[in-house]
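Asker: First, the structure itself, so that you have it in front of you.
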Amino acid sequence: MSTDHAPVPRVANRYGAPKPQRPATGHARRHKRWLVWAALTSAVVATGVFSIFAGTPEVSSKDVGFSIDGPAVARVDYEVTKDPGATAQCAVQVLNQSYAIVGWTVVTIPPTNSQSVDGGTSSHSTTVRTESQGVSGGINACWILEES
């Protein structure tokens, strides 16, 4: 009994020989990695330098409390910390039960004459008119006004 088996075709015969790959040298790989690290380091340093020299004076706010005085008015109590010589503005908002803004006003916090030890923190209370019943109030954001 003879067993004639057809020869099993090799993968190279069926699909063609694989394309020769250029061997990656360790030097080229290290060079690319060094370039990536150098670019990332440069970007981080440039961002830091830009933020230091182009930054605006810092201002922060803290919500202290609020009271809903009726369906059309609310009062928001808050503290603002800033450089005593700077003028700031803060956006005060009142929200309804669905977290929609129902009242909004922008208030100006003028420079203070006192040199306070606590970094220029001052307390404020703002009355906000609302278009419907509010359930909470607070500061949305504060910023320093640029002097001209």
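The values are calculated or read from the model by the stated rules, or taken from the named source; none is laboratory data. This is a predicted model, so every value here is computed, not measured. When the accessible area is computed, the model is the full protein with side chains, heavy atoms only, and any ligands, DNA or RNA have been set aside. Shrake-Rupley method; radii C 1.70, N 1.55, O 1.52, S 1.80 Å.
Asker: State the extension gain, in nm to one decimal, for the chain segment bounded by A17 and I68, taking 0.36 nm per residue of separation less the distance between their alpha-carbons.
Answerer: 10.4 nm
Asker: Please list, or write none, the lysines whose alpha carbon is within less than 16 Å of the alpha carbon of K82, excluding same-chain residues fewer than 8 places away.
Answerer: Cross-link targets: K62.
Asker: Now for a separate question. Fully extended, how many nm does the chain gain between R33 and V49 (0.36 nm per residue separation, minus their Cα-Cα distance)?
Answerer: Value of the extension gain: 3.3 nm.
Asker: Q89 to E131: extension gain in nm, 0.36 nm per residue of separation minus the Cα-Cα distance? Write down the numbers at each step before the final one.
Answerer: On the way: separation 42, 0.36 × 42 = 15.12 nm, distance 2.25 nm.
The Q89-E131 span can extend by a further 12.9 nm.
Asker: Here's something else I'd like to know. S125: accessible area at probe 1.4 Å, nearest 10 Å²?
Answerer: My reading of the accessible area for S125 is about 70 Å².
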